[in-house]
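Here's the structure, in structure tokens; my notes come after.
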Amino acid sequence: MPRATKIEPERGGARTRLLEAARDIIRQKGFSGTTVDDLCKAAGVTKGAYFHHFSSKEALGVAAAEFWADTTSALFAQAPYHKPEDPLDRVLAYIDFRKAIIEGDPAEFTCLVGTMTQETFQSFPAIRDACATSILDHAATLEPDIAAAMKLHGTTASDWTAQSLARHTQAVLQGAFILAKATNDPAVARESVDHLKRYIQLLLA
């Protein structure tokens with residue numbers, strides 16, 4: 001989910017500013033490459049304030065994943081893709097929305113929790129689990145529309161479910177973000193999202 005990468009803290013108390021800094025810097029430099037000094041400088045707080053709120057870097061990573069989930073959930077809940085009456089149109093509008101926000105520098109539109117998962121899935125299980133919760137909870141928001149589209153359009157399936165298709169959308173998006181980083185080209189990510197839309201249309205239309 002894109003949030004413009006910031007240099008100055010945005011708002012709120014020290015904890016919020018540190019989480020905003022983590023959101024932005026980790027997407028730029030990765031979890032391992034982000035230091036306490038980086039976070040404190042961007043947030044405009046002291047190291048004492050950092051360690052008051054976070055006992056370890058792992059604790060910061062877990063909190064950052066939860067902060068990401070909370071803030072992006074609010075944004076997606078208000079997004080325009082919920083408006084169409086046909087549930088299939090809502091699913092396709094979601095894909096269009098995801099494509100539309102893939103622009104600019106990869107650090108501005110790629111996923112914080114996807115980035116952290118790749119680095120921490122073995123070394124920091126608590127961060128991995130928090131990231132999984134964020135990704136899978138977001139996928140679950142698509143399940144009702146997919147299930148309704150299957151029912152409305154008479155789609156039957158023996159080897160996939162609304163849940164598995166919802167999770168597949170996130171697999172494609174996370175892979176698209178990796179390609180965008182690898183090529184430094186958001187167009188490559190948008191291309192993958194176009195294929196995802198075609199695939200869903202073939203399944204559900």
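Values quoted throughout were computed directly from the atomic coordinates according to the rules given, and no laboratory measurement underlies them. Because the structure is predicted, anything quoted here is derived from the model rather than measured. Cβ sites come from the backbone with ideal geometry, for glycine too, and all protein chains shown count toward neighbours.
What to note about this one:
- Average Cα contact separation per residue, segment 68-204, under 8 Å, 6 or more apart, as relative contact order %: 28
- Once the chain from Gln28 to Thr133 is taken as fully extended at 0.36 nm per residue, the excess over their C-alpha distance is 35.6 nm.
- Residue pairs, from the table Lys29/Lys99; Lys57/Lys197; Lys41/Lys181; Lys41/Lys83; Lys41/Lys197, whose Cα atoms sit over 30 Å apart: Lys57/Lys197; Lys41/Lys83; Lys41/Lys197
- Local electrostatic count at Leu142 - Lys and Arg +1, Asp and Glu -1, tallied over other residues with Cβ under 14 Å: -1
- Distance between the pseudo-spin-label points of Val188 and Gln118 (7 Å out from Cα toward the beta carbon): 1.0 nm.
- With N counted as the residues of segment 84-205, its alpha-carbon radius of gyration over 2.2 N^0.38 Å works out to 1.11.
- Seen against the Cα atoms of the chain and their longest principal axis, helix 162-183 is set at about 50 degrees.
- Sites Asp159 and Asp96, calculated FRET efficiency, Cβ-Cβ separation with R0 45 Å, nearest 0.05: 0.95
- Farthest positive-ward along the chain dipole, Cα basis, beta-carbon charges - from His82, Gly44, Thr72: Gly44
- Extended-chain gain in nm, criterion 0.36 nm per residue less alpha-carbon gap, Thr16 and Tyr199: 61.9 nm
- When only alpha carbons are used to place a centre, segment 13-33 and segment 124-149 end up 22 Å from one another.
- Helix-derived mean residue ellipticity, 222 nm - over the chain, DSSP H n ≥ 4, -39500 (n - 2.57), to 500: -22500 deg cm²/dmol
- Projected over all directions and averaged, the alpha-carbon convex hull of the chain occupies 11.6 nm².
- Ranked Met116, Met150, criterion: other C-beta atoms within 10 Å, fewest first: Met150, Met116
- When the chain is treated as a GNM with alpha-carbon contacts under 10 Å, the residue of Gly114, Gly48, Gly104 showing the greatest mean-square fluctuation is Gly48.
- Each part reduced to its alpha carbon centroid, segment 49-123 and segment 165-205 end up 15 Å apart.
- Angle between the chain longest axis and helix 57-77 axis [Cα atoms, degrees, rounded to 10]: 40
- Dipole in debye (nearest 20) - the chain, about Cα centre, beta carbon charges: Lys, Arg +1; Asp, Glu -1: 300
- Ranked by how many other Cβ atoms sit within 10 Å of their own Cβ, fewest first, the residues Tyr199, Tyr81 fall in the order Tyr199, Tyr81.
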